[in-house]
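These notes are about the structure you will find just below.
The values are calculated or read from the model by the stated rules, or taken from the named source; none is laboratory data. Just so you know, these numbers come straight off a predicted model, no measurement behind them. Cβ: placed from backbone, ideal geometry, glycine included. Neighbour counts: every protein chain shown.
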Amino acid sequence: MTNKFFERHVFFCTNQRPEGHPKGCCASKNSTVLRAYMKKKTKELVSDKKIRINASGCLDHCEFGPTLVVYPDNVWYSCKTEEEVDQVINEHLINDRIAENLQIKK
């Protein structure tokens with residue numbers, strides 16, 4: 001019997017708030033495009049691992065946005081560019097190391 005569960009889930013906030021909302025939102029910071037990019041690149045680069053890139057609603061760290069979290073590792077990131085997304089893919093998803101310069105620390 002094969003294991004159909006994922007090794008990791010990445011939840012990438014794509015929440016949209018009304019313009020002018022005091023907390024802001026990740027969608028207005030290009031998160032939808034960055035999540036799609038991450039999904040495509042992960043599929044290309046990490047075909048041997050079971051990784052799912054999910055869109056999510058608000059992760060409640062709007063001030064760091066766009067934000068994402070990798071489970072089951074419970075590591076939170078702020079990724080504002082494709083290069084930063086690439087770093088999370090290469091460091092965390094491929095090499096099992098936290099991309100510390102992008103990590104949101106609680």
Task: Selection status of Tyr71, on the phi < 0 side of the Ramachandran plot, among the aromatic types (Phe, Trp, Tyr), touching a helix residue (DSSP H, G or I) at 6+ places or on another chain (Cβ under 7 Å) and surrounded by fewer than 20 Cβ atoms within 10 Å (Cβ to Cβ) - done: no
TODO: Taking the options Ile104, Ile98, name whichever one is without any contact (Cβ under 8 Å) to a residue 40 or more places away in the chain and either surrounded by 20 or more Cβ atoms within 10 Å (Cβ to Cβ) or aliphatic (A, V, I, L, M) (or both).
DONE: Ile98
Open item on the list: Tally up the residues in the stretch 28-63 that are at pLDDT 90 or above, among the hydrophobic types (A, V, I, L, M, F, W, C) and surrounded by fewer than 18 Cβ atoms within 10 Å (Cβ to Cβ), please.
Closed with: 5
TODO: Output the qualifying pairs, or none if there are none: Cβ atoms under 7 angstrom, residues six or more apart or on different chains, first residue in the stretch 19-31 and in contact (Cβ under 8 Å) with a residue 40 or more places away in the chain, second residue of a type in the set (A, V, I, L, M, F, W, C).
DONE: Lys23/Cys62; Gly24/Cys62; Cys25/Cys62; Cys26/Cys13; Cys26/Cys62
- [ ] Scan the stretch 51-72 and give yes if some residue there is over 23 Å from Asn95 (Cβ atoms), touching a residue at least 24 places away in the same chain (Cβ under 8 Å) and of a type in the set (A, V, I, L, M), otherwise no.
- [x] yes
